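The values are calculated or read from the model by the stated rules, or taken from the named source; none is laboratory data. Model, not experiment: these values are computed from the prediction. No Cβ is skipped: glycine too gets one built from the backbone with ideal geometry, and neighbour counts run over all protein chains shown. Side chains included, ligands, DNA and RNA excluded: accessible areas come from the protein's heavy atoms. Shrake-Rupley method; radii C 1.70, N 1.55, O 1.52, S 1.80 Å.
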Amino acid sequence: MISPGIIASFFSPTFPRVISLGIGTNDLSSHSPEVVIEDLLDLVEFLQSVDSSTAVGVCKVLTQQHCSTGLPHKGFNTRTATFNKMLDALFDD
């Protein structure tokens, strides 16, 4: 995970008013949805602590297909479905 200091220095002094996070795809390739959600929540919490007036939106992860066969990537897509359901439960606004 990226350290909060790096993120803070990147955004300062012009911290954005709206942040849209489209993250998780790479992490879901090798980590459980629970681990990815935990890291995502840490990042959202940190961003809100820097400036509580900043709106943070979290995008769902898209399913994938194998490049060579065009068939669904079952293991990844199963983790994606779980991750997206967890997002729905956490950010049901």
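I'd like to know if the stretch 69-82 contains one or more residues that are of a type in the set (Ser, Thr, Tyr) and at pLDDT below 90.
yes
For the stretch 76-87, check the following and say yes or no: at least one residue is within 18 Å of the chain's Cα centre (by Cα), farther than 18 Å from Ser32 by Cβ and aliphatic (A, V, I, L, M).
No, that holds for no residue.
Of all residues in the stretch 46-60, which are assigned to a loop (DSSP other than H, G, I, E, B) and either touching a Pro at 6+ places or on another chain (Cβ under 9 Å) or modelled with pLDDT under 85 (or both)?
Asp51, Thr54
Does any residue in the stretch 31-52 that is more than 18 Å from Thr80 (Cβ to Cβ) come within less than 8 Å, Cβ to Cβ, of a residue that is open to solvent by 30 Å² or more (accessible area, probe 1.4 Å) and at pLDDT 95 or above six or more places away or on a different chain, and which pairs are these?
Every condition considered, no pair remains.
Is at least one residue of the stretch 31-39 of a type outside the set (Lys, Arg), open to solvent by 90 Å² or more (accessible area, probe 1.4 Å) and assigned to a helix (DSSP H, G or I)?
Yes: one or more hits.
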